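The structure under discussion appears below in the form of structure tokens.
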Amino acid sequence: MAGIRKPKLFYGWIVVLSSSLMFLFGAGVFFYGFGTFFNPIREEFGWSSAITAGAFTLYRLEGGIAAPVVGFGVERYGPRRLMIIGILIMGAGFLMMSTTNSVLFFYVTFLVTSLGFSAAVGIVGQTAVSNWFIKKRSQALGLTMAGAGLAGVIAPLLQYLISQHGWRAALVIIGLMVWAILLPLAGLVRGYPEEYGLFPDGIEPTDTTSNLNPSDKESQEIIEINVPWRLALKTRTFWLLALTSGISNLATSGITVLVIPHLENVGIQPSTAALAITFITVVSVIGRLGGGWIGDHFDKRHILAIGLILQAIGTLVLARVTTTWMILPFILFYAPGYGTTIPVRPAIAAEAFGRASFGSIQGLLQGVMTFISVPGPLLGGLIFDITGSYSLGFLIFGVATLAIAPTALLIAKTN
């Protein structure tokens, strides 16, 4: 574009870095790391596993309701403004939760924190990154979600804070850190490259075929499809994506919340159980980065199916864990499979429906699949209360994920 100096570093990668770091800390203290608070809170108040896990079920319900609202909101107000509002609410939620004295208050403050998390991390970050990339979208999303993959390193920190200062003081510290760390990162996020005289991937339309072999030019053209959200709702792609994501997230949400209590229940030390979350998320980075890169070169539907199969095998192994060494095969199957699906799913949606309505479509997808996955933690908690073990719950999660994997191949391939 005339009159605008092309920067040495495409700003889209700054958006990727900022969003990735927000995923790392935000998901680390809430989505992945909050399981470290599960037993301390349950034991202090004498609540059942199902009652305590009920807060996580409400979080999933809130996420399902908020996702479409956040999706439409990010299109109207832009990602940065929505992120800042969400961060302020999320930090306040942690501070309020530290004063919990009843089940009702715990649920309310958990919902407040969840609302802030939904607006600060997740759809908003995915939308911002997707707006800046087309050709390298899967890679960019993979790098972004790798931050969430590294979020597991936060779990031992939370375990340490709880052991040294108690769970209430730990929640206060986390709330303050949310404001101090995430607000500056949100300030770096921008909406669309076109608003700043740039183009997706940093490639100007006149440059898309420069310096290429003639035989490569056709494959290098950037062709973008933009589908309105109302039309997207009528497509097979939308509903099959929602179904596969919902069933796999049913298992993921149950595992994320209950893996630490499960490992402790079979006699594994709490510190080792917390490290399991760390290794799950860190090893999942292999899948997030690998799935992101492969997704830009091969059929994303096949990659999604393979990821679901690996995730299912790992979940079935988890159901049989009785000793520390058995955690290893669980992680080696589950984590890469789980990680692979994370960048591929939004990449399929963005490829099929385009950037213009990506926020609203992704919000609607997230809403549908969240309602499907809501019973995960509650189901696992109820099974434990009845049987005294989480194993049957993980067995159900594994079989369900394995059964849904072939459905990914039925998703219409984008032309």
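Looking only at the stretch 336-347, decide whether some residue is in a helix (DSSP H, G or I) and farther than 27 Å from Gly380 by Cβ.
Within the stretch 336-347 (the criterion being in a helix (DSSP H, G or I) and farther than 27 Å from Gly380 by Cβ), the answer is yes, since at least one residue qualifies.
Return yes when Ile154 is β-branched (Val, Ile, Thr), buried (at least 18 other Cβ atoms within 10 Å of the Cβ) and either outside any helix (DSSP H, G or I) or out of contact with any strand residue (DSSP E or B) (no Cβ under 7 Å at 6 or more places or on another chain) (or both) and no when it is not.
yes
Provide a single number: the residues in the stretch 233-253 that are over 14 Å from the mean Cα position of the chain (by Cα) and crowded, with 20+ Cβ neighbours inside 10 Å.
Total satisfying the criteria: 6.
With respect to Leu263, is the statement that it is out of contact with any Lys or Arg (no Cβ under 9 Å at 6 or more places or on another chain) and either in a helix (DSSP H, G or I) or not acidic (Asp, Glu) (or both) true?
So Leu263 fits the description; yes.
In this structure, is Val227 closer than 30 Å to Tyr160 by Cβ and either in contact (Cβ under 8 Å) with a residue 40 or more places away in the chain or surrounded by 22 or more Cβ atoms within 10 Å (Cβ to Cβ) (or both)?
Judged against the criteria, Val227 is not a match.
Looking at the stretch 376-401, which of its residues are over 23 Å from the mean Cα position of the chain (by Cα) and assigned to a helix (DSSP H, G or I)?
Answer for the stretch 376-401, where residues must be over 23 Å from the mean Cα position of the chain (by Cα) and assigned to a helix (DSSP H, G or I): Leu382, Ile383, Phe384, Asp385, Ile386, Thr387, Ser391, Leu392.
Go through the stretch 390-401 and give me each residue that's of a type in the set (Gly, Ala, Ser) and either exposed (fewer than 15 other Cβ atoms within 10 Å of the Cβ) or over 12 Å from Leu250 (Cα atoms) (or both).
Here is the first cut: in the stretch 390-401, the residues of a type in the set (Gly, Ala, Ser) are 391, 393, 398, 400.
Matches in the stretch 390-401: Ser391 only.
Polar (S, T, N, Q) and surrounded by 21 or more Cβ atoms within 10 Å (Cβ to Cβ), is that true of Gln164?
Working: polar (S, T, N, Q): yes; surrounded by 21 or more Cβ atoms within 10 Å (Cβ to Cβ): no.
It is false that Gln164 is polar (S, T, N, Q) and surrounded by 21 or more Cβ atoms within 10 Å (Cβ to Cβ).
Give the residues of the stretch 90-128 that are crowded, with 19+ Cβ neighbours inside 10 Å and touching a Leu at 6+ places or on another chain (Cβ under 6 Å), sorted by residue number.
Hits for the stretch 90-128 are Phe94, Met97, Ala119, Val124.
List the pairs whose first member sits in the stretch 379-403 and is among the β-branched types (Val, Ile, Thr), whose second member is not in a helix (DSSP H, G or I), and whose Cβ atoms are under 7 Å apart, counting only residues at least 6 apart or on separate chains?
The qualifying pairs are Ile383/Tyr390.
Which one of Met145, Met96 is assigned to a helix (DSSP H, G or I), within 23 Å of Val69 (Cβ to Cβ) and modelled with pLDDT of 95 or more? Break it down into steps so the answer makes sense when it comes.
Working: Met145 fails: modelled with pLDDT of 95 or more.
Answer to the selection: Met96.
So, Thr206, is that one assigned to a helix (DSSP H, G or I), at pLDDT below 90 and not aliphatic (A, V, I, L, M) or not? Before you say what the answer is, go through the steps one by one.
On the way: assigned to a helix (DSSP H, G or I): yes; at pLDDT below 90: yes; not aliphatic (A, V, I, L, M): yes.
Judged against the criteria, Thr206 is a match.
Every residue, every condition in (1) surrounded by fewer than 24 Cβ atoms within 10 Å (Cβ to Cβ); (2) under 16 Å from the mean Cα position of the chain (by Cα); (3) at pLDDT 85 or above, yes or no:
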{"site": "Lys8", "(1), (2), (3)": "yes, no, no"}
{"site": "Asn39", "(1), (2), (3)": "yes, no, no"}
{"site": "Ser48", "(1), (2), (3)": "yes, no, no"}
{"site": "Phe56", "(1), (2), (3)": "no, yes, no"}
{"site": "Glu62", "(1), (2), (3)": "yes, yes, no"}
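Return yes or no: is Leu365 surrounded by fewer than 24 Cβ atoms within 10 Å (Cβ to Cβ), in a helix (DSSP H, G or I) and of a type in the set (A, V, I, L, M)?
no
Looking at the stretch 316-338, which of its residues are within 22 Å of the chain's Cα centre (by Cα) and not small (Gly, Ala, Ser)?
Of everything in the stretch 316-338, those that are within 22 Å of the chain's Cα centre (by Cα) and not small (Gly, Ala, Ser) turn out to be Leu316, Leu318, Phe330, Ile331, Leu332, Phe333, Tyr334, Pro336, Tyr338.
What are the pairs, 6+ residues apart or on separate chains, where a residue within the stretch 67-87 that is closer than 17 Å to Thr370 by Cα and assigned to a helix (DSSP H, G or I) has its Cβ under 9 Å from a residue that is modelled with pLDDT of 95 or more and of a type in the set (A, V, I, L, M, F, W, C)?
The qualifying pairs do not exist here.
Taking the stated definitions as given, is Ala305 closer than 26 Å to Gln139 by Cα, among the aliphatic types (A, V, I, L, M) and more than 15 Å from the chain's Cα centre (by Cα)? Write out each step before concluding.
Working: closer than 26 Å to Gln139 by Cα: yes; among the aliphatic types (A, V, I, L, M): yes; more than 15 Å from the chain's Cα centre (by Cα): yes.
Yes, satisfied.
Tell me, please, whether a residue that is out of contact with any Phe, Trp or Tyr (no Cβ under 7 Å at 6 or more places or on another chain) and farther than 27 Å from Ser389 by Cβ can be found in the stretch 29-41.
Yes, that holds for at least one residue.
So is Ile404 assigned to a helix (DSSP H, G or I), out of contact with any Gly (no Cβ under 7 Å at 6 or more places or on another chain) and crowded, with 19+ Cβ neighbours inside 10 Å or not?
Numbers: assigned to a helix (DSSP H, G or I): yes; out of contact with any Gly (no Cβ under 7 Å at 6 or more places or on another chain): yes; crowded, with 19+ Cβ neighbours inside 10 Å: yes.
So Ile404 fits the description; yes.
Please verify whether Pro68 is closer than 24 Å to Leu158 by Cβ and either modelled with pLDDT of 95 or more or in contact with a helix residue (DSSP H, G or I) (Cβ under 8 Å, 6 or more places away or on another chain) (or both), treating the condition exactly as stated.
no
The values are calculated or read from the model by the stated rules, or taken from the named source; none is laboratory data. Since we're looking at a predicted model, the values are computed, not measured. Using ideal geometry, Cβ is built from the backbone for each residue, glycine included, and neighbour counts are taken over all protein chains shown.
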